[in-house]
Amino acid sequence: MIPASEMDRSLGMEYYITDAPGCEGKIKSSAGDFIVSELFSERAYEGGRYLIVEVEKTNWDAHR
C-alpha cells in the first residue's frame, strides 16, 4: 500500500489500496473539461403534461 497524500490524510484516508503510482492527473481543471450530454428520443414522447427542455450550464455545481 502507498501512504496517502497529506490532503487525503486530512480527510481520513491513510493509505491507497494499490501499489501502482498515480498519474498525477487533474480532474476538471476548467469548467469546459466536464460535459454531459443526455440523449432522448423525440419519437418516444407522445405528449402529455411533461415539458422537455434543453439546458446548457457553465461552471455550475449541482450542490448549490
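The values are calculated or read from the model by the stated rules, or taken from the named source; none is laboratory data. Keep in mind it's a predicted model, so treat the numbers as computed, not measured. No Cβ is skipped: glycine too gets one built from the backbone with ideal geometry, and neighbour counts run over all protein chains shown.
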Could you grab the pairs with beta carbons closer than 9 Å, sequence gap of 6+ or different chains, first residue in the range 9-38 and assigned to a helix (DSSP H, G or I), second one at pLDDT below 80? A31/T58; A31/N59; A31/W60; G32/T58; G32/N59; D33/K26; D33/I27
Filtering the range 15-50 for residues that are at pLDDT 80 or above and surrounded by 10 or more Cβ atoms within 10 Å (Cβ to Cβ) leaves a count of 2
